[in-house]
Amino acid sequence: MSKISRTELFEQVFGLEFCDEIEQIGSQYSEHCWQIGDKVADALAHLQMIKSVIIRGDSNPANAAYILAMGSMDVYRQLSLRFGIAERTLRDYHSIAVYYSQDERGRFEVLPFAHFRFAKSCGADLSTKILELSLAAMDGNGGRPPSVAWLEVNLHRVTGDPGIVDDVAATQDLSSAAAELTSSDFQDDEQRTLPSPVFYFLGSLKNFMLRLKLQIEKAELPENIRYKIDSIIELSEELADELMVEIDTEREN
């Protein structure tokens, strides 16, 4: 029996038409993420503008005292009800929307929203390089963007160390990147910091996942075993990301 990739196997089972439909939905999803993030930014800016007008005395609308007492969390809660989306998800979309300029979005518009999220989490020095790496990888992937997991494993391609994957320094460099990734998700205009035990746990978890991915990439594992391990890693990362957002939200309340 000849070897077949998971992508080819999926296309064989479900058909190219179904796969094309899924990719189209994914593209629409990314567009909606940007739109929602922009709407949150617009709402927060509008509230700040109204407050400034009241404080300057240029206007004295009804319920002015209540308006001045409104905060960003009030906006998130109300938008959450109207969008039907969790507050932490709105915060996530908003933080990414305000991070990237319209020029940057246009340059990388074919990439999924998740790639922008991952690139942002790696810091300003690497974010653009990571998006460029994703674009370049599309050529060898049938025109489809690579997965975020692939980007994490291939961080060495933008760190400037061509031997990183085969070097002991690989896990050290990727661990540093993971620690930076973890901390950057919790830094905003107020420069909040995490309690050290939580920061240590999440940083260690990211480090472990990155090391494990490196080992899996180099190991000759049966395809069914590799698939199950990849699924476990992806689930663990999703749970860790949810925890990071929840903690950040709780610290604001």
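A few points about this structure:
- Of the helices (runs of 4 or more DSSP H) contained entirely in the stretch 113-190, those carrying at least 2 residues that are modelled with pLDDT of 75 or more and under 13 Å from the mean Cα position of the chain (by Cα) fall at 113-121, 124-138, 148-153.
- Against the test of being over 21 Å from the mean Cα position of the chain (by Cα) and assigned to a helix (DSSP H, G or I), the options 48, 35 yield a single qualifying residue, 48.
- Looking across the stretch 1-15, just one residue is surrounded by fewer than 10 Cβ atoms within 10 Å (Cβ to Cβ) and part of a helix (DSSP H, G or I), and that is 13.
- Residue 36 being in the same structural domain as residue 76 (by TED's automatic domain parsing) and among the β-branched types (Val, Ile, Thr): yes
- Inside the stretch 18-62, residues that are among the hydrophobic types (A, V, I, L, M, F, W, C) and within 17 Å of residue 117 (Cβ to Cβ) make up a count of 5.
- Close Cβ contacts (under 6 Å, 6 or more residues apart or on different chains) running from residues in the stretch 51-72 that are within 23 Å of residue 41 (Cα to Cα) and in the same structural domain as residue 92 (by TED's automatic domain parsing) to residues that are outside any helix (DSSP H, G or I) and not aromatic (Phe, Trp, Tyr) comprise 53/59.
- Residue in the stretch 16-25 that is of a type in the set (S, T, N, Q), in a helix (DSSP H, G or I) and either touching a strand residue (DSSP E or B) at 6+ places or on another chain (Cβ under 8 Å) or at pLDDT 90 or above (or both) present: no
- Of residues in the stretch 39-89 being closer than 30 Å to residue 242 by Cβ and hydroxyl-bearing (Ser, Thr, Tyr), the one surrounded by the most Cβ atoms within 10 Å (Cβ to Cβ): 76
- Residue-level analysis places residue 109 among those that are acidic (Asp, Glu), surrounded by fewer than 19 Cβ atoms within 10 Å (Cβ to Cβ) and modelled with pLDDT of 85 or more.
The values are calculated or read from the model by the stated rules, or taken from the named source; none is laboratory data. A quick note: this is a predicted structure, and the numbers were derived from the prediction, not measured. Heads up, the Cβs are rebuilt from the backbone with ideal geometry, glycines too, and the neighbour counts pull from every protein chain shown.
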